[in-house]
Amino acid sequence: MKQDQYHLSKVLNARENRFQLRNTIAKSGFNSLSLTLNIPGYPKSNELLSNLFTQILDDLLIYLQANRIVIENKKEILRVDEAGDFYLVKLKQNKQTDLQKIKQLTEYFEEKHKLSRLIDVDIFNKYGTPVSSGKEKPCYFCGEFSAVSCMRNKRHSHTEIRAKIFKETSLFLKKISKEKLIRNICDFAQRALLYEISISNKPGLVCFEGSGAHTDMNFFTFLNSTSALTPYFKEFCELGYMYQGELNKVLPKIREIGLRAEKTMLLATKQVNTHKGVVFLFGISLFSITKIISENGSFSDSEFQKTVKKIGKDLVKNELQHTNDSKTHGEKVFHTYGKKGAGIRFEIERGLSTIFQTSLPYFSDQLKPEIYVNQTKLQQILLQGLLKIMSINNDSNILYRGDLEMLNYIQKTAKISLTDPKAYKQLKNYCTNNNISPGGSADLLAVSLLLHFTKTENHEF
Ligand SMILES: [Zn+2]
């Protein structure tokens, strides 16, 4: 009991300080706005509640700005005291300032929020008096009576109300962090595709300046395809975030999203296959990235490779070895060249080891923040990344259109091209003259960029 009184006096003391702060603003002739959380019992704040407060404050400041409610943001007060988390700011004066209207708007903000009954946005006029709309807030716990009525009649214990608050806050923050993560990863996925198509002067591949070895697609076909695929990235991420089952059973679920994505892609490109390989690789990669981060709170290369390997276990055996009538490109190439012609399925089985040996370490060394503003340098680095992949990748696109001799020549020339511009010219001419497009390597480049952005730019998780 003694301790309760001790806590109560600390809380009352903090409230008195807040009252003084508001009065100081009122005395200088300004209205003010404050944000607090309505937490019964003690302590009034902890890490969870502070995180909630920060999130609500961010939303509130955007809401105020959107509704043209101008605050003196240089004079804002943000603190945690014994009465909990607290934000106070001066409202900028204006002759037409209608405090009742502001009160109504902030009440609407409170009501539409998922945890509305916890949030108190208060408006004080320049006499230091609270502006009231006369509305009574419903009780957080039961929602049946007004908050004041339940408090006066002691209908619920602090312990049971606090348990409900902590549970709901935790769920709310988890949802927010999931949404932020998925938004970020989808941003990186789309950006990776835009970067790949924007690299100039690629050998045999579609660029802004020309279509390389292709006659049925151009730069804009790739823009259409990228835009069409973007909404599906979110679905791969959602699946990865929620998936609890065994990894070697998830591929049909990833494929189902992938096939729908592919259908939309073909509609957008007038039936031209621009990103079929990317859909497969991104499906597995986006799934793996969000699964790893949702479970571990961070991303790691080794976890990524482990996850991809588990998803792709026996992929070549199951999907290429047992087919008798070779119909698809992948099957035909595999039957002619064996594992060397097993394409991206083999790549997945090995945990995308080609990019972990080539482009990824190169990008972590070279793609520093200052590079992104230097377009010439950025173009050079991205192209080198592609050449590094081409120098070891058994690109089944090349084997399908050409043969093993061509693949060997391209791998060798790509390696020399890294340091020799003459060899690069030869490589480009060779691809154009022989109608060869290293599309498989371009797909792996896009995956490398997706992983690089995830590793270097995601600060939200
Ligand atoms: Zn109640």
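The values are calculated or read from the model by the stated rules, or taken from the named source; none is laboratory data. This structure is a prediction, so every number in the text was calculated from the model and none was measured. A quick note on method: Cβ atoms are made from the backbone with ideal geometry, for glycine too, and the neighbour counts reach across all protein chains shown.
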Complete set of residues in segment 102-138 that are touching a Pro at 6+ places or on another chain (Cβ under 7 Å) and within 16 Å of the ligand (Cβ to nearest atom): Arg117
Where Leu118 falls short, out of the listed (1) assigned by TED's automatic domain parsing to the domain that holds Leu37; (2) over 28 Å from Pro43 (Cβ atoms): (2)
Candidate set from segment 290-312 (those that are part of a loop (DSSP other than H, G, I, E, B) and surrounded by 14 or more Cβ atoms within 10 Å (Cβ to Cβ)); member that is nearest to the chain's Cα centre (by Cα): Phe299
Identity of the residue in segment 256-265, within 19 Å of Gly440 (Cβ to Cβ) and out of contact with any Phe, Trp or Tyr (no Cβ under 8 Å at 6 or more places or on another chain), that ends up surrounded by the most Cβ atoms within 10 Å (Cβ to Cβ): Met265
Residue, nearest to Asp59 (Cα to Cα), within segment 93-136, restricted to residues that are basic (Lys, Arg) and free of Cβ contacts under 8 Å to residues at least 24 places away in the same chain: Lys112
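Yes or no, residue by residue, for (1) modelled with pLDDT under 95; (2) assigned to a helix (DSSP H, G or I); (3) surrounded by fewer than 16 Cβ atoms within 10 Å (Cβ to Cβ); (4) not polar (S, T, N, Q):
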| site | (1), (2), (3), (4) |
| --- | --- |
| Lys377 | no, yes, yes, yes |
| Leu383 | no, yes, no, yes |
| Lys388 | no, yes, no, yes |
| Ile410 | no, yes, no, yes |
| Ala423 | no, yes, no, yes |
| Ser448 | no, yes, no, no |
| Glu460 | yes, no, yes, yes |
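Residues checked against (1) hydroxyl-bearing (Ser, Thr, Tyr); (2) closer than 30 Å to Leu286 by Cα; (3) modelled with pLDDT under 95; (4) in the same structural domain as Ile39 (by TED's automatic domain parsing):
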position: Asp81; (1), (2), (3), (4): no, no, no, yes
position: Asn94; (1), (2), (3), (4): no, no, yes, yes
position: Ser132; (1), (2), (3), (4): yes, no, yes, yes
position: Arg152; (1), (2), (3), (4): no, no, yes, no
position: Glu160; (1), (2), (3), (4): no, no, no, no
position: Ala163; (1), (2), (3), (4): no, no, no, no
position: Lys167; (1), (2), (3), (4): no, yes, no, no
position: Cys186; (1), (2), (3), (4): no, yes, no, no
position: Ala189; (1), (2), (3), (4): no, yes, no, no
Odd one out for Lys317 among (1) exposed (fewer than 15 other Cβ atoms within 10 Å of the Cβ); (2) outside any helix (DSSP H, G or I); (3) not hydroxyl-bearing (Ser, Thr, Tyr): (2)
Candidates Ala446, Ala414, Ala423, filtered to the one that is under 25 Å from the mean Cα position of the chain (by Cα) and of a type outside the set (Asp, Glu): Ala446
All positions within segment 168-187 that are farther than 17 Å from Pro40 by Cα and either within 16 Å of the ligand (Cβ to nearest atom) or among the charged types (D, E, K, R) (or both): Lys174, Lys175, Lys178, Glu179, Lys180, Arg183, Asp187
Condition broken by Ser45, with the remaining ones in (1) touching a strand residue (DSSP E or B) at 6+ places or on another chain (Cβ under 6 Å); (2) not in a loop (DSSP other than H, G, I, E, B) satisfied: (2)
Residue that is surrounded by the fewest Cβ atoms within 10 Å (Cβ to Cβ) [pool: residues in segment 139-167 that are under 20 Å from Leu52 (Cα atoms) and within 11 Å of the ligand (Cβ to nearest atom)]: Glu160
Selection count where residues are under 15 Å from Arg162 (Cβ atoms) and among the acidic types (Asp, Glu), scope segment 1-57: 2
